[in-house]
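Peer 1: Below is the structure I would like to discuss, written out as C-alpha cells.
The values are calculated or read from the model by the stated rules, or taken from the named source; none is laboratory data. All values derive from a computational prediction rather than experimental measurement. Ideal geometry is used to build each Cβ from the backbone, glycine not excepted, and the neighbour counts take in all protein chains shown. These accessible areas exclude ligands, DNA and RNA; they are computed on the full protein's heavy atoms, side chains included. Shrake-Rupley method; radii C 1.70, N 1.55, O 1.52, S 1.80 Å.
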Amino acid sequence: MTLRFSPSSLFYTGVFLMSGLLMALQIVQSRIFSVTTWYHISFLVIGVAMFGLTLGALKIHRGNEAEQRKNYAREMAELSFRFAVGIIVGLIGQLALPVVSDDLRVTVVALPIVAAMTLPAYYFAGAVLSLAITRAPFPAARTYGVDLLGAAAGCLFALFMMNIFDAPSVIMMFALLALAALRCFGKLKGTLPLIVAGIIVYGIALNLLSPRPVIYPIWNKKRDFYQADLSYDRWNSISRIIIQRESRDGRPYLWGPSPKLPASMKTSWYELLIDGEAGTPINRWLGDRGKELHILDYDVTTIAYSLPGLKSSGIIGLGGGRDVLSSLHAGVKSVTALDVNNIQVSVLSKTEPFKSYANIGTRKDVRLINSEARSWFASNPDTFDLIQMSLVDTWAATGAGAFALSENGLYTVEAWSTFLSHLNPGGALTVSRWYMKDAHSEGERLVSLTMGALFKTGVKEPKKHIYVATANRIMTMVLSRDPFTKEQLDALDKRAKEMAFNVLISPRKEVAGTELAEILNTKSREELEALAARSEYDISPPTDRRPFFFNQVRMGNPALVWRLATQTGLSAMIGHAHAIANLYIIMLFSFLMVVFAIVYPLRSELNAGNKFVKAGTAWFVLIGLGFMLLEIALMQRISVYLGHPAYGLGIVLFSLVLSTGCGSLLSDAFPLKTNRNRIMWALGTALAIVMSVFFIDAAISAFSGAGLFVRALICVSVTAPLGLLMGYGFPTGMEMARQAHTKSTAWFWGINGAAGVMGSSLAIAINIGAGIDRSMFISALCYALLAIAGNRPERKA
C-alpha cells in the first residue's frame with residue numbers, strides 16, 4: 001500500500017521544515033562563530049539573517065506576480081535546493097577562513113567575506129517563505145501559522161541536536177533536511193540534487209563514524225588546531241571542548257607563578273580548551289595530597305587556602321579540576337565543584353584516560369555537579385568556608401576582548417551577594433583576575449565590584465574585608481564575609497612572604513595615590529558610582545541590568561577606542577577596544593548594506609508626495625527597531641538568568657517567534673481598524689515593555705534557585721505576552737498600506753528589514769553603554785511613537 005499525501009499536506013510540511021531550518025541555522029551558526037571568532041562577533045549572524053531574509057522577500061515582491069503564482073511550486077523547489085547549497089557554502093566560510101586578527105585591516109576584509117558566504121542561505125530561504133505566504137494558492141494565514149510553528153520548533157531542535165552531534169555535522173544535516181523540504185514542493189530535473197545529497201551524506205558519515213570529527217573549524221580565534229594534535233574533541237549547545245595531547249614532565253601550568261618557583265619542578269598535564277581559547281589544565285595526580293600537590297602553593301590563585309580552619313569549599317567553574325586539587329592539598333574535607341558545562345564534568349568523572357589521570361571524579365570527598373552556579377547556590381542551603389572562582393576565561397581571551405560585548409552573570413553585584421550569603425562565619429570568597437601593574441587592567445573593576453557587593457550586604461567598612469595579592473599577571477582577591485581576624489591576616493601575609501607575592505591591598509596596608517585607592521576610600525554605593533562616572537574607563541560595579549564586567553572601554557568614546565585598538569601589547573584594555581572597534585565595523589557594514597542593497601534599489605517605489613508613505617515609513621522603521629532592541633535586550637538579560645548565551649538565544653527566539661506569530665494571527669481575527677484602537681495598542685505595548693523590565697527583576701529574584709526547565713518557563717512567561725502584542729505591528733501596518741498606498745508595500749517590507757538589521761548591532765551598543773533596561777525603555781518609546789505614526793492614515797482614492 002502506497003502512502004499518498006495531499007498537495008496541501010506536502011506544502012505545509014515543506015514550509016514547516018524550511019522555517020524550522022532557517023531558525024535553527026541561526027543558532028548553530030552562532031555557536032560555530034563563538035568557536036572561530038570572539039563571542040561578540042557571533043551576534044553578526046542575526047544581522048546577516050535579517051538582511052538576507054529581507055532581500056529574498058524583496059526579490060519575490062518585485063518579480064512577476066502572475067508567473068510566480070503559476071509556477072510557485074517549481075520556484076520553491078529550486079530555491080530550496082539553493083538554500084541547501086547556501087548552507088554548505090556558509091559552513092565552508094565559517095570553518096576555513098580566519099576572521100579575527102590583531103590587525104584590524106584583516107578583520108575589515110575577512111569579516112565581510114565570511115558574512116557574504118553566510119548570506120545566500122538566508123536570501124534563498126527568505127524567497128521560499130515569501131512565495132509560500134504571498135503567492136501559493138493556500139490560505140496565507142494558515143501558511144503563516146505553519147511558518148511560525150516551524151520557526152519555534154527550530155529553536156528547540158537546534159539546542160537538541162547540538163547536545164548530540166558536533167555543530168558542523170548538525171549544519172550538514174540541516175542542508176540534507178532542506179533537500180527533503182525540496183521534495184515537498186516538487187521534483188527538480190537532473191541528478192544534481194542527488195549528487196549534492198550524496199556529498200552531504202558522505203560528509204556527515206565522515207564526522208560521525210570517525211573517532212573524532214574530520215570536518216571541523218581549522219581556525220579557533222587566531223590559532224589553528226588539527227585533529228592530529230588533539231586527544232579529545234566534543235561539542236554541545238554551549239561549547240566546543242578540545243583537549244590537546246599530554247605535556248609530560250614539563251614546566252608547571254600555573255596562572256600566577258611565584259618568582260620563587262624552582263626551575264627544577266616538573267609536572268604532567270593535558271590542556272583543556274573551551275571554544276579554542278579558554279584553557280585550563282588537567283593535572284596528573286596519583287592521590288598524594290602533600291608533596292605531589294605542593295607545587296600549587298606557588299600559584300597566587302591558591303593564597304586563600306592558607307586561611308586557617310578550612311573544612312569545606314565550593315568551586316565555581318570546574319575546568320580541568322585544578323582548583324579541586326588546591327582544596328584537597330589544603331586539607332579541605334568536603335569539596336563541591338560546579339560547572340555549567342556537562343562535558344567538563346563528564347571528562348573528569350566518566351571519560352578515560354582523563355578520569356584516572358585527574359583522579360578526582362570518584363572521590364567521596366569531592367562532588368562534581370553539572371549546574372549553573374548562581375541558580376545552584378540560590379536553590380541549595382549549603383554553606384562553605386571558602387568559595388573560589390579562578391579565571392573563568394584565559395588571558396588570550398581577555399586580551400583580545402573576547403567577552404567585552406558578552407554578558408556574564410557571575411560578575412555582578414547580585415551574584416556576589418548570593419555567594420557571600422553562602423559563606424560560613426569567617427568564610428571567604430576568592431576570585432582571581434588579570435592584572436597589569438603598569439597599565440589599566442581588570443583590577444579596578446574587580447575591586448569596584450567587591451565594594452558594590454559589600455555595600456549591598458550592609459557592610460560599613462569594606463576595607464576590613466578585602467585582601468589582594470598579585471604575581472605575574474594575576475590578581476587574587478580574598479573577600480571575607482566578616483572583618484579579617486589577626487590570625488587570618490597573619491596566615492595570608494605568611495604565604496605572601498614565603499612566595500614573594502605582592503600584597504596590593506590589605507587591612508594592614510594603606511593604599512594611596514591610585515585609582516584603586518580612590519575606589520577603596522568610597523563610603524557608599526553612590527560615591528562609588530560617582531567615582532566611576534568620572535573615570536576615563538568604566539569601573540562601575542556591574543549589575544544584572546548591565547552585566548558587562550569584561551568591558552571597560554566606553555562605547556561612547558570613539559577616540560579612546562581607536563587609540564587603543566591601534567596599539568599592540570599585553571593589555572586587557574587593548575582587547576576591549578578591539579571588540580568595540582569590531583562592533584563599530586559591524587554597524588558600519590550594516591548601514592552600508594542597508595543603504596545600497598535595500599534603500600537605494602527601492603527608492604523609485606517611494607512616493608514622497610503621498611503623506612501615508614512618510615507615516616508608513618515611520619511605522620515600519622519603529623516596529624523594526626523596537627522589536628530588535630527588545631529581542632537583543634531580552635537575550636542578554638535572560639542569558640544572565642539561564643547561565644549561558646546559547647540558552648538565552650534559543651529560549652528568547654522560540655518564545656518571541658511563537659508568540660509574535662500568534663499575535664499576527666490574532667490581528668487577522670481582531671484587526672486594529674480605527675485610530676483609537678491603534679493608539680491604545682501602541683501605548684499598551686509600550687507600557688507592557690516598561691513593566692516587563694521590573695517584572696523580570698522580580699521573577700528572577702523569586703525563582704533564582706529553580707532548575708533550568710522552570711527558569712526557561714519563567715522566561716517564556718515574560719517574553720510571550722510581549723511577543724503577542726508586538727505581533728500586531730507588521731500586519732497592521734501592511735493592512736494600512738493596502739488601504740492607503742498599495743504600491744509602497746515592497747518599500748515598507750524593505751525598510752522594516754533594514755531597521756531590524758541596524759537594530760541588532762545598535763541594541764548591543766546601547767546595552768553595553770547604558771544598560772539592558774535602557775534598550776528596553778527605548779524599545780517601549782518606539783512602540784509609543786506608533787500612536788502618532790498610525791494616526792489618521794491617508795486613504796486610497
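Peer 1: Quick one: would you say A469 is among the small types (G, A, S), open to solvent by 10 Å² or more (accessible area, probe 1.4 Å), touching a residue at least 12 places away in the same chain (Cβ under 8 Å) and at negative phi?
Peer 2: Taking the combined requirement at face value, the residue does not satisfy it.
Peer 1: Now for a different question. Check L22, L53, L79 and return the single one that is crowded, with 21+ Cβ neighbours inside 10 Å, over 30 Å from N767 (Cα atoms) and out of contact with any Asp or Glu (no Cβ under 8 Å at 6 or more places or on another chain).
Peer 2: Result: L79 is the single residue among L22, L53, L79 that is crowded, with 21+ Cβ neighbours inside 10 Å, over 30 Å from N767 (Cα atoms) and out of contact with any Asp or Glu (no Cβ under 8 Å at 6 or more places or on another chain).
Peer 1: Considering each residue of the range 546-582, count those that are surrounded by 19 or more Cβ atoms within 10 Å (Cβ to Cβ) and either under 26 Å from I638 (Cα atoms) or touching a Ser or Thr at 6+ places or on another chain (Cβ under 9 Å) (or both), and give that number.
Peer 2: Counting residues in the range 546-582 that are surrounded by 19 or more Cβ atoms within 10 Å (Cβ to Cβ) and either under 26 Å from I638 (Cα atoms) or touching a Ser or Thr at 6+ places or on another chain (Cβ under 9 Å) (or both) gives 22.
Peer 1: Does the range 178-191 hold any residues that are outside any helix (DSSP H, G or I) and either aromatic (F, W, Y) or in contact with a helix residue (DSSP H, G or I) (Cβ under 9 Å, 6 or more places away or on another chain) (or both), and which are they?
Peer 2: Once the filter is applied, which keeps residues that are outside any helix (DSSP H, G or I) and either aromatic (F, W, Y) or in contact with a helix residue (DSSP H, G or I) (Cβ under 9 Å, 6 or more places away or on another chain) (or both), the range 178-191 yields G186, K187, L188.
Peer 1: Let me ask something additional. Among the numbered criteria (1) assigned to a helix (DSSP H, G or I); (2) without any contact (Cβ under 8 Å) to a residue 12 or more places away in the chain, which one does I714 miss?
Peer 2: (2)
Peer 1: Can you confirm whether the range 514-536 contains a residue that is buried (at least 16 other Cβ atoms within 10 Å of the Cβ) and part of a strand (DSSP E or B)?
Peer 2: Scanning the range 514-536, I find no residue that is buried (at least 16 other Cβ atoms within 10 Å of the Cβ) and part of a strand (DSSP E or B), so the answer is no.
Peer 1: Six or more apart or on different chains, Cβ atoms under 6 Å: show the pairs whose first residue is in the range 644-673 and among the aliphatic types (A, V, I, L, M) and whose second is outside any helix (DSSP H, G or I) and surrounded by 18 or more Cβ atoms within 10 Å (Cβ to Cβ).
Peer 2: The qualifying pairs are A646/S237; A646/I238.
Peer 1: While we're here: For residues in the range 620-660 being hydroxyl-bearing (S, T, Y) and closer than 18 Å to D544 by Cα, which is surrounded by the most Cβ atoms within 10 Å (Cβ to Cβ)?
Peer 2: Within the range 620-660, the match that is surrounded by the most Cβ atoms within 10 Å (Cβ to Cβ) is Y641.
Peer 1: Return the only residue of F16, F51, F43, F33 being within 28 Å of N752 (Cβ to Cβ), among the aromatic types (F, W, Y), part of a helix (DSSP H, G or I) and at pLDDT 90 or above.
Peer 2: F16
Peer 1: Continuing with this model, one more query. Exactly one of these conditions fails for P483: (1) out of contact with any Gly (no Cβ under 9 Å at 6 or more places or on another chain); (2) open to solvent by 50 Å² or more (accessible area, probe 1.4 Å); (3) over 15 Å from L423 (Cβ atoms); (4) not aliphatic (A, V, I, L, M). Give me its number.
Peer 2: Of (1) out of contact with any Gly (no Cβ under 9 Å at 6 or more places or on another chain); (2) open to solvent by 50 Å² or more (accessible area, probe 1.4 Å); (3) over 15 Å from L423 (Cβ atoms); (4) not aliphatic (A, V, I, L, M), only one is false for P483: (3).
Peer 1: Taking strands (runs of 3 or more DSSP E) that do not extend beyond the range 192-309, which have at least 2 residues that are open to solvent by less than 30 Å² (accessible area, probe 1.4 Å) and farther than 28 Å from G643 by Cα?
Peer 2: The qualifying strands (runs of 3 or more DSSP E) are 267-274.
Peer 1: Taking the range 154-172, which residues are in a helix (DSSP H, G or I) and open to solvent by less than 30 Å² (accessible area, probe 1.4 Å)?
Peer 2: Matches in the range 154-172: G154, C155, A158, L159, M161, M162, A167, P168, S169, V170, I171, M172.
Peer 1: Could I ask something else about it? Just checking, how many residues over the range 399-437 are open to solvent by less than 10 Å² (accessible area, probe 1.4 Å), part of a loop (DSSP other than H, G, I, E, B) and modelled with pLDDT of 90 or more?
Peer 2: 2
Peer 1: Check whether at least one residue in the range 310-320 is touching a Lys or Arg at 6+ places or on another chain (Cβ under 6 Å), surrounded by fewer than 21 Cβ atoms within 10 Å (Cβ to Cβ) and either among the hydrophobic types (A, V, I, L, M, F, W, C) or not in a helix (DSSP H, G or I) (or both), and report yes or no.
Peer 2: Checked the range 310-320: at least one residue is touching a Lys or Arg at 6+ places or on another chain (Cβ under 6 Å), surrounded by fewer than 21 Cβ atoms within 10 Å (Cβ to Cβ) and either among the hydrophobic types (A, V, I, L, M, F, W, C) or not in a helix (DSSP H, G or I) (or both).
Peer 1: Output the residues belonging to the range 438-457 that are open to solvent by 20 Å² or more (accessible area, probe 1.4 Å), in contact (Cβ under 8 Å) with a residue 40 or more places away in the chain and not in a helix (DSSP H, G or I).
Peer 2: A439, H440, T457
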